[in-house]
1. For the chain, which whole percent of the accessible surface, found with a 1.4 angstrom probe, sits on carbon and sulfur atoms?
2. So, with +1 on the Cβ of K and R and -1 on the Cβ of D and E, and no other charges, what is the size of the charge dipole of the range 1-113 about its Cα centre, to the nearest 20 debye?
3. Sticking to Cα atoms, compute the Rg of the range 120-189 to one decimal and its Dmax as the biggest Cα-Cα distance, whole number, in Å.
4. Under a 1.4 Å probe, what is the accessible area of the range 76-156 per residue, stated in Å²?
5. Which longest uninterrupted range of the chain lacks any trypsin sites (Lys or Arg not before Pro) assigned by DSSP to a loop state (not H, G, I, E or B) and surrounded by at most 16 other Cβ atoms within 10 Å?
6. Which of [x] 19.1, 57; [y] 23.8, 87; [z] 22.2, 87 is the computed Rg and Dmax of the Cα atoms in Å for the structure on display?
7. I'd like the FRET efficiency for residue 184 and residue 57, computed as 1/(1 + (r/R0)^6) with the beta carbon distance as r and R0 of 41 Å, rounded to 0.05.
8. For the Cα atoms of the chain, what angle does the longest principal axis make with the long axis of helix 20-32, in degrees from 0 to 90, nearest 10?
Amino acid sequence: MTGGLLWGLTGLALLDSVNAATIWLVIVILLGAKRPAPTGWAFMLGVSVSFLAFTLMFYFGLTFADSVLEGFTLWLRRLLFAGLAVALVVLGARRLKPRERKGYTLPPWVNAWSALPFGVLATVGDLPNAFPMVLAVERLIDADIAAPAAVAVLVGYTLVYALPSVLILAAGLAFNEELREQLQSMLSGRTSGTAEPSPKTAAACFAGAAASLAVLFLWVG
């Protein structure tokens, strides 16, 4: 395990941790759950355990596929960067148009007992955005890291992934009265009304797509 690989995986984990869906759901639980503490911690347990489970399933599945099909991880890497470029172009095009913001609401059946499976469902729904995790797994396999070490790294990856949401939950529970109005304002501003076109965001998305294609042809290809 080289230092460069470890820093690269840490960067991917930090990128993965900026998970808007999970963070907003934590804020919704803080604001709307009858028992926010047990509901929030159960939700984060469901998110973390299911994310780790999917990550390990993908790691062992991809390891098996790479042992059967020579060059499988290389083609997967090409597909990842090509898919990322397409996704960024689509996202950039959407940012050039006004759009209705999607609200986050807490389903009425979510409580301290059902929050754990709710966290699992939230993770399943967010799997299409798991590009950093897929790339991290591919990097581990390509570097020929032993399975026990790879599993330990992926456990650490999951902890980093969950860290921002856990910190927001802990801060919200510790300073509920002081932060409640601010959290409500953040949630309303991000999940209601109409978002105006953002040429700067669109330009950033297009630049990211160009960078992804450059990596695809210069490094991956």
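1. Looking at the chain in its full context, I get 70 percent from C and S.
2. The dipole of the range 1-113 has a size of about 640 debye.
3. Cα-based Rg and Dmax for the range 120-189 come out at 16.9, 50 Å.
4. Value for the range 76-156: 55 Å² per residue.
5. For trypsin sites (Lys or Arg not before Pro) (loop position, at most 16 other Cβ atoms within 10 Å), the longest site-free span of the chain is 103-221.
6. Step by step, Rg and Dmax of the Cα atoms in Å for this structure corresponds to label [x].
7. Efficiency, from the Cβ-Cβ distance: 0.65.
8. It is inclined by approximately 20 degrees.
The values are calculated or read from the model by the stated rules, or taken from the named source; none is laboratory data. Because the structure is predicted, anything quoted here is derived from the model rather than measured. A quick note on method: Cβ atoms are made from the backbone with ideal geometry, for glycine too, and the neighbour counts reach across all protein chains shown. With ligands, DNA and RNA removed, areas are computed over all heavy atoms of the protein, side chains included. Shrake-Rupley method; radii C 1.70, N 1.55, O 1.52, S 1.80 Å.
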